[in-house]
Amino acid sequence: MREVVENPDVRPLRVVVLGVTLGLAVGLAGCASPAPVEPAPTIDTRPADRDRLAALAAAAKDHRYVATYTWRVDGRPDRTVTAAFATDGTWVVAVPGGALSGLADIAIYYSGSALHQCLLRPVQDAAGTRPDLAYLTPSCVPVESLSPAEDPRVHHLFTDWIDAFVDRATALSVTAATLEGATGSCFSVESTSAAMAPPVDPGIYCYADDGTLTGARTSFGTLLITAPAEAAPPSVASPAPVVPGPPLPTLAPPPPPPSAGPATPPPA
């Protein structure tokens, strides 16, 4: 019988070939059925727009000024909203027709230590048909917060919603947009979280480079600045005497029967 002598130079080659074959087999096995990869959740679709809005909102948070705005709501006459932010941290946002189904002009006032809802004029409609509300006179009532039934919402544009724009961790989708009649940079903003209440109203928000709100379109209407903002006052005083009591609701109660007479004021 003939003895077979293995060539020692062949063994390394055989090992190499075997290793390559096994590696290729493992690689093909891994590529045959790749595991599905879920896309990572995103907070916004255009980071550059989100960063720009955050920068302008940061400027708005520290900006102190006085400005007037035209407030347009479908089916109602245009109204004028005035916002004043003083250098000492006090502020007021006047909201004409903001309570009692438009019968009451109110303001949201911050004294530096407490929030107030203020009635700016006696309640009476043009026809004088609500004598039951005649007991309501100009006054400011302190509030910890406003419930949805008492909240005119306009002041949020200038106050707490800015914080949501500044914080890049807030679940918002932000893209550049336009708003007819508004100047500055405008952004379309929507919440990306369906599991919680939206941190801001979805809509379009516009800011000048110094942080002045120049326009907004939201569920409660459209605001457009009417003239360049003016310098901030040193302080904003309460627009009416401060008294205890409940804030006014946004909707008026139904009028009493004609024979019922004026309503009795609620207890303080």
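The values are calculated or read from the model by the stated rules, or taken from the named source; none is laboratory data. Note that the structure is a prediction, hence the values are computed from the model and not measured. Note: areas computed on protein heavy atoms with side chains; ligands, DNA, RNA excluded. Shrake-Rupley method; radii C 1.70, N 1.55, O 1.52, S 1.80 Å.
Would you work out the relative contact order for segment 66-200, in percent, from Cα pairs under 8 angstrom that are 6 or more residues apart? Could the numbers behind the result be given before it?
Working: 201 pairs, mean separation 16.6, N = 135.
Value for segment 66-200: 12 percent.
Using modelled amide H (1.01 Å from N, peptide plane; none on Pro or chain starts), what sits under 5 Å from the amide H of THR90, excluding residues fewer than 5 places away? Those lying under 5 Å, H to H, from THR90 are VAL236. Per atom type, segment 86-176 shows carbon and sulfur on 55% of its accessible surface, probed at 1.4 Å. Rolling a 1.4 angstrom probe over the protein heavy atoms with all chains in place gives segment 63-136 an accessible area of 40 Å² per residue. Each residue of segment 53-61 was assigned a 3J(HN,Hα) from its phi angle through the Karplus expression (A = 6.51, B = -1.76, C = 1.60, θ = phi - 60°), giving 4, 4, 5, 5, 5, 4, 5, 5, 4 Hz with x at Gly and Pro. Relative contact order of segment 157-207, taken over Cα pairs closer than 8 Å and 6 or more residues apart, is 34 percent.
Near VAL242, the amide H atoms lying under 5 Å from its own belong to CYS140; only residues 5 or more places off or on other chains count, and H is placed 1.01 Å from N. In the complete set of protein chains, residue-level accessible area for CYS118 is approximately 0 Å², probe 1.4 angstrom.
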